[in-house]
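Working notes, beginning with the structure itself.
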Amino acid sequence: MSYQFDVIIIGGGHAGSEAASASARFGAHTALLTQRPETIGAMSCNPAIGGIGKGHLVREIDALDGLMGRAADAAGIHFKLLNRSKGPAVHGPRAQADRHLYAKAVGRLLKETPHLEIVGGEVADLIVESGRVAGVICADGREYRAGAVVLTTGTFLGGVIHIGHEQTPAGRLGENPAIRLAARLRGMDLPMSRLKTGTPPRLLRATIDWEALQEDPSDPTPEPFSRMTSHLANKTLSCRITHTTSETHEIIRDNLAASALYGGAIAGRGPRYCPSIEDKIVKFGERESHQIFLEPEALPGHPGGDLIYPNGISTSFPLEVQKRIIATIPGLSHAQIAAPGYAVEYDHVDPRALQPDLNLRGIKGLYFAGQINGTTGYEEAAAQGLIAGLNGARFVSGAPPLILSRDQAYIGVMLDDLTLQGVTEPYRMFTSRAEYRLLLRADNADLRLTALGATYGCVGSARLQAFIRDRDAIDAAIKEGSAATLNPAQLKQAGLTVSQDGRKRSVMDILALGQTVSDWKAIAPWYTALPRRVRDHLQTEARYGGYLRRQAREVKQLEAESDLVLADDLDYAKIGGLSLEMQERLSRARPTSFAAAQRVPGVTPAALIALLAHVRYAA
Ligand code: FAD
């Protein structure tokens, strides 16, 4: 039996769900073909969305009308703005989610999407005709034909689970791996290798000495991820904090040979920034203790409501050793394990085999997104899925792809990093990966992307209208806030210390000072009436407007000079303003053009500006 679609998405994880939604929002007749539709939106590991860098991705997905922010708001049970004490560029919104509600929200949003059909089945083969993808074949022989296919197989391609020395073919605990599809891709001579990731055991909440442990409360007035969320419906829950002890470390050291990771069973590299507990003890041996956050998996009474996720102790030890480790942790001496921790090893494709639009080079219409591209994390997967799904749909309709640049979005930074530099270990997003952090804030994602998304066909009219209202409100507030109407007496009354030059000041001037205003109502009542996101935006504009404009100018300048030729014998040591590290990086790479210099890994925008000034004016 053969079925016809415009676009087929393989896999209903975080990448696949966003890909399917984006493709259907564009108007393409889309099939989301996944092994077990009842697992759509499943969080394989920690029940949390966002964080530093990752929160930026969620806001960008939301600005492009994706699902993740709305689902996280619908499921959120504990919210935190990470890095709150630092500047707005590195604020990281994060929410812990009720995993049952999260999957339900993703499922509901997909079901409400026109042009989208969800189909159960294991894809075993790809149909490729004359260098173009033409469809897929399921393990049971069903054939689905389409002009574009997006592969989002996560940890399932050739997946093997490790618990101690026990190995089981699986993509996730209790779920079959994709063996035939892995063999098909290997047969296509794609550059592939193995990576691994791991998860901690889940604990029964009733067996934890919960009240004795330090409380970690949710933020009192959390802000939703999504512009489309008017209020957060769920009651918030507190987490608890505990830590490993010297006894924990001793058990780990004594049993290293029994762990899959250190017993030699796992060849794939794991995520550097989410190491297993055995990794932490071996690599950071000097540390006396490691923090563990005990996070509820769901609201009481919901499926998983009796389970706790101990964040920070993912492991591949045998169950017996896991039990002994848990018993050494304060508050967990009687804790029972409901499901063991494990590691999973899987195939991934070197993302340098992809074009920046996520189309596989050499096969038109075949896109890859998510963990299959060597990334780790729900947010990284979802962001890639959105781009791949949209571009698949655009390809079928003959429209050019959406490619975001490094100065437009964290999504652009990630795709540039992946497709240009590849990965040697699971890639996760951090704010430090972005050169233009002040331009790419979590709070201005909609200003950067929503109008663009509407032009490219992935933003619906409700979102666009909301965005236009916000943008108009911000423009009006900046105009009103820039008029210098406040006299020195009013400023003094509001408790502000400003130089006594007799000059009137504007609200923007006051915000730029960063001082606490005791009574905004007395001096600018209109300001207090603004929605929080508009006020936040005004504050950032007032404080960083100068830098923002300079960064924007630099971006334009760098773009305009791409064709500039760099001499073979250019002496980088003689360029004023270049650090030793930048001199070394550029001397080693010897780029032949300014465009090539921009691609040298680790070269900063400041170094590029210095190089440009030297070549243009000093050389
Ligand atoms: P997945 O969420 O894995 O979804 C893949 C989907 O594809 C599934 O629905 C599957 O059924 C379907 N599928 C696969 N093959 C086929 C096929 N042939 N036919 C039809 N359907 C198919 N991330 C972190 O950031 N930190 C961590 O510490 C962390 N630990 C993890 C630990 C474990 C044990 C696991 C399994 C994952 C962990 N992750 C972690 C990774 C996180 O789960 C992924 O980054 C994220 O889920 C990737 O999303 P995805 O959409 O690419 O793939």
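The values are calculated or read from the model by the stated rules, or taken from the named source; none is laboratory data. Every value quoted in this text rests on a predicted model; they were computed, and no experiment measured them. For neighbour counting, all protein chains shown are included, and Cβ atoms are generated from backbone atoms with ideal geometry for every residue, glycine included.
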Query raised in the report: How many residues are within 15 Å of the chain's Cα centre (by Cα), at pLDDT 95 or above and of a type in the set (D, E, K, R) if we restrict to region 370-419?
Result: 2
Query raised in the report: Within region 5-23, how many residues turn out to be at negative phi and either of a type in the set (K, R) or out of contact with any helix residue (DSSP H, G or I) (no Cβ under 8 Å at 6 or more places or on another chain) (or both)?
Result: 2
Report task. Could you grab the pairs with beta carbons closer than 9 Å, sequence gap of 6+ or different chains, first residue in region 25-43 and free of Cβ contacts under 8 Å to residues at least 40 places away in the same chain and more than 7 Å from the ligand (Cβ to nearest atom), second one of a type in the set (A, V, I, L, M) and not in a strand (DSSP E or B)? Result -> E38/A103
Query raised in the report: Does region 218-234 include one or more residues that are within 12 Å of the ligand (Cβ to nearest atom) and of a type outside the set (F, W, Y)?
Result: no
Report summary line: Flagged in region 425-435 as surrounded by fewer than 22 Cβ atoms within 10 Å (Cβ to Cβ) and either assigned to a loop (DSSP other than H, G, I, E, B) or in contact with a His (Cβ under 9 Å, 6 or more places away or on another chain) (or both), in numbering order, are E425, R428, F430, E435
Query raised in the report: In region 342-360, how many are of a type in the set (G, A, S) and either closer than 24 Å to C274 by Cα or within 16 Å of the ligand (Cβ to nearest atom) (or both)?
Result: 1
**Report entry** Selection within region 23-47 - touching an Asp or Glu at 6+ places or on another chain (Cβ under 8 Å) and buried (at least 24 other Cβ atoms within 10 Å of the Cβ)
**Finding:** S23, R25, A28, T30, A31, L32, P47
Query raised in the report: Do you know which residues across region 23-41 are within 25 Å of R142 (Cα to Cα) and not in a strand (DSSP E or B)?
Result: S23, A24, G27, A28, H29, Q35, R36, P37, E38, T39, I40, G41
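Does A103 count as at pLDDT 95 or above, aliphatic (A, V, I, L, M), out of contact with any Asp or Glu (no Cβ under 7 Å at 6 or more places or on another chain) and farther than 29 Å from R186 by Cα?
Taking the combined requirement at face value, the residue satisfies it.
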Query raised in the report: Regarding T516, is this residue of a type in the set (S, T, Y) and part of a helix (DSSP H, G or I)?
Result: no
**Report entry** From the options L438, L464, L402, L390, residue that is closer than 14 Å to A63 by Cβ, touching a helix residue (DSSP H, G or I) at 6+ places or on another chain (Cβ under 6 Å) and assigned to a loop (DSSP other than H, G, I, E, B)
**Finding:** L402
Report task. Working only within region 375-410, note down all residues that are within 11 Å of the ligand (Cβ to nearest atom), closer than 15 Å to Q355 by Cα and of a type in the set (G, A, S). Result -> G385, A388
**Report entry** Identity of the residue in region 540-553, more than 25 Å from the chain's Cα centre (by Cα) and surrounded by fewer than 17 Cβ atoms within 10 Å (Cβ to Cβ), that ends up nearest to A477 (Cα to Cα)
**Finding:** G545
**Report entry** From the options R99, R132, R84, R94, residue that is farther than 21 Å from T450 by Cβ, charged (D, E, K, R) and over 20 Å from the mean Cα position of the chain (by Cα)
**Finding:** R132
Report summary line: Only one of (1) among the small types (G, A, S); (2) in contact with a Pro (Cβ under 7 Å, 6 or more places away or on another chain); (3) on the phi > 0 side of the Ramachandran plot does not apply to A97, and that is (3)
Requested in this report: Return only the number of the condition from (1) within 11 Å of the ligand (Cβ to nearest atom); (2) modelled with pLDDT of 95 or more; (3) surrounded by fewer than 24 Cβ atoms within 10 Å (Cβ to Cβ) that I10 does not satisfy.
Outcome: (3)
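Every residue, every condition in (1) over 12 Å from the mean Cα position of the chain (by Cα); (2) closer than 16 Å to G392 by Cα, yes or no:
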site	(1), (2)
Y3	yes, no
I10	yes, yes
G13	yes, no
F26	yes, yes
A48	no, no
G55	no, no
I61	no, no
M68	no, no
Requested in this report: Give the residue that is nearest to the chain's Cα centre (by Cα), with candidates limited to residues of region 443-464 that are small (G, A, S) and closer than 25 Å to I52 by Cβ.
Outcome: A445
Query raised in the report: Is it fair to say A89 is more than 15 Å from the ligand (Cβ to nearest atom), farther than 19 Å from A393 by Cβ and buried (at least 18 other Cβ atoms within 10 Å of the Cβ)?
Result: yes
Report task. Might you let me know whether region 158-165 holds any residue that is within 15 Å of the ligand (Cβ to nearest atom) and either farther than 30 Å from L261 by Cα or of a type in the set (S, T, Y) (or both)? Result -> no
Report task. Determine if region 72-90 includes at least one residue that is acidic (D, E) and over 29 Å from R433 (Cβ atoms). Result -> no
Requested in this report: Residue by residue through region 189-219, note down the ones that are part of a strand (DSSP E or B) and either without any contact (Cβ under 8 Å) to a residue 60 or more places away in the chain or aromatic (F, W, Y) (or both).
Outcome: Q214, E215
Query raised in the report: Does region 57-72 contain any residue that is within 17 Å of M429 (Cα to Cα) and in a loop (DSSP other than H, G, I, E, B)?
Result: no
